[in-house]
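What follows is one structure encoded as structure tokens, with my remarks underneath.
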Amino acid sequence: IWQRLLTHLCIQTAERGNLRLFAGLPVDSEELQLFKNVGFAPYSQEDVFQLTPGLYGPAAKPSLALRPQRSSDGWGLQKLYGTSTPRAVQNIEGLAQGQWALPNRRWGEQGRRAGYVWEEGGDLLGALYIRTGKSGCWIRTLLHPDAVDEAEAFAQAALSIVSPKADLPIYFAIRQYEIGWRAVLTDLGFEPHTSQTLVVKPMTVKI
């Protein structure tokens, strides 16, 4: 039944003009095999770390200054995404704007979304995506390869933004190709929470 429902979802998605369908699934799970049966293919893995409420007290003034994301940051975000993401993943996910843009909130949507960037000399060296809901805060980042040494300072700046929600757990998601983050998150008190395989199904065929 689930496979039939998933197949129907794919058909409906394609008929609406969408080119790809993405999902994040538990590693080595029955769900993963089900999605493969319908034509989804794995393209990366994402590890999620959790910080328990009350375990972290950020510094009063982080060493890195982040500013809110603006609509004019689209080109800078695209360049940052292209520099920090493997070409194979870029080919699957498409341009950065679709993934990192902050569209207007839709009616009925749960949680709040916010974006911040780290800018130096007119270039974006880091981007921060935060989604806050009733169950916690979800963080994703882009960090320039030349700025990996600043990963801890970047994470501290992120935590200083979400710290007013200290009563909620904080989840930090990193991709397998994002080097250096695991040690940084462990030092800040994060613990491994779960891992998921990212899969994609193209909705187009060659003609």
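The values are calculated or read from the model by the stated rules, or taken from the named source; none is laboratory data. Bear in mind the structure is a predicted one, so any value in this text is a computation, not a measurement. Note that we place each Cβ from the backbone using ideal geometry, even for glycine, and neighbour counts take in every protein chain shown. Accessible surface areas use protein heavy atoms only, side chains included; no ligands, DNA or RNA. Shrake-Rupley method; radii C 1.70, N 1.55, O 1.52, S 1.80 Å.
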Open item on the list: Quick check on this structure: which one of Pro202, Pro169, Pro145, Pro164 is within 30 Å of Asn37 (Cα to Cα) and modelled with pLDDT under 95?
Closed with: Pro202
- [ ] Looking at (1) open to solvent by less than 20 Å² (accessible area, probe 1.4 Å); (2) farther than 11 Å from Val200 by Cα, find the lone condition where Ser44 falls short.
- [x] (2)
TODO: Given the conditions (1) touching a helix residue (DSSP H, G or I) at 6+ places or on another chain (Cβ under 8 Å); (2) within 17 Å of Phe49 (Cα to Cα), report the number of the one that Gly126 does not fulfil.
DONE: (2)
TODO: Tally the residues that are surrounded by 14 or more Cβ atoms within 10 Å (Cβ to Cβ), modelled with pLDDT of 90 or more and in a loop (DSSP other than H, G, I, E, B), restricting the search to the range 73-132.
DONE: 1
